[in-house]
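What follows is a short report on a single structure.
Please treat every number below as a calculation from the coordinates, not as lab data. Predicted model only: the values in this text are computed from it and were never measured. All Cβ positions, even for glycine, are placed from backbone atoms using ideal geometry, and neighbour counts span all protein chains on display.
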Amino acid sequence: MLALPMGMLQHIVSCTDYIDSISLRLTCKKLETASSNAFAAAYLHELTCFVMDRGRIERALNITSSDRLGCKVRTLTLTFDVYEGRTFQLAPGRPGTYYTPYEDLRRVAVKEQI
């Protein structure tokens with residue numbers, strides 16, 4: 001497989017899901033190189049960082065200061081949203097039923113005030 005041209009390796013990597021792309025990146029330097037553009041486009045182009053978590057800030061700093069990865073980051077958003085703007089699907093297979101976990105926290109807070 002490693003004898004394939006870089007363009008073919010990049011195409012193969014682009015067809016993988018998140019877990020498989022991570023596994024490929026950890027396999028060897030050539031596959032890490034082949035997957036870096038697709039990985040960066042999917043997961044590093046826009047970073048969001050919860051500012052109240054030292055570990056998350058350190059990871060964002062490590063990514064942005066890396067010679068190979070830092071140039072891939074186009075937007076870094078610092079937020080007080082612990083879920084960093086992520087949404088979760090209420091019922092798998094039912095399109096359009098997304099929410100942020102923060103909405104649940106607000107509902108609980110309102111109920112406790114009553």
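Can you compute 3J(HN,Hα) from phi for each residue in the stretch 34-51, using the Karplus curve 6.51 cos²θ - 1.76 cosθ + 1.60 with θ = phi - 60°, rounded to whole Hz and x for Gly and Pro?
Rounded to whole hertz, the list is 5, 9, 4, 5, 5, 5, 5, 5, 7, 10, 10, 4, 10, 9, 10, 10, 6, 6.
For the pair T48/K30, report the inter-label distance in nm, with labels modelled 7 Å from Cα in the Cβ direction.
Here the modelled spin labels are 3.9 nm apart.
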